[in-house]
Amino acid sequence: MAAANIVTATSQNFPTEILASGQPVLVDFWAEWCGPCKMIAPVLDELATEYAGKAKIAKVNIDDHQDLAGQFGIRAIPTLLLFKGGQVVEQVVGLKSKKDLKASLDRAIGG
């Protein structure tokens, strides 16, 4: 279950919420059965709060939206894709620290 300020991305809202967003969007591709995905969730909740107004955090359940996972070539989870201006500007595979994720978001916001 995503926190209040995390967008639950679906095949339907992906174009408007992520691709057409005026802010960078960090998208977490995850699944219920994925242990590391559960471990990174609280970090994403914190980032969503800290970056409110500057960047968005979104989650895609790959079991529910296999089309999106396929479209972006997701082969391992968690995979986080950072979108800016509708394009993937960075890809992070596996469990990363909050510091690493903040650095990615800061690059996208500043760049």
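Some points to look at:
- Looking only at residues of region 46-57 that are over 15 Å from LYS96 (Cβ atoms) and in a helix (DSSP H, G or I), we find that the one that is nearest to the chain's Cα centre (by Cα) is ALA48.
- Subset of region 72-100 that is under 14 Å from LYS56 (Cβ atoms) and not aliphatic (A, V, I, L, M) - its residue that is surrounded by the most Cβ atoms within 10 Å (Cβ to Cβ): PHE83
- Positions within region 70-94 being within 16 Å of LEU26 (Cβ to Cβ), free of Cβ contacts under 8 Å to residues at least 60 places away in the same chain and either among the acidic types (Asp, Glu) or not in a loop (DSSP other than H, G, I, E, B) (or both), in sequence order: THR79, LEU80, LEU81, LEU82, GLN87, VAL88, GLU90, GLN91, VAL92, VAL93
- Test for ALA31: is it at pLDDT 95 or above and either under 22 Å from GLY110 (Cβ atoms) or surrounded by 20 or more Cβ atoms within 10 Å (Cβ to Cβ) (or both): no
- Residue match in region 59-71 (condition: farther than 18 Å from GLN12 by Cα and modelled with pLDDT of 95 or more): no
The values are calculated or read from the model by the stated rules, or taken from the named source; none is laboratory data. Keep in mind that what you see is a predicted model, and the values were worked out from it rather than measured. Glycine also receives a Cβ, built like all others from the backbone with ideal geometry; neighbour counts cover every protein chain displayed.
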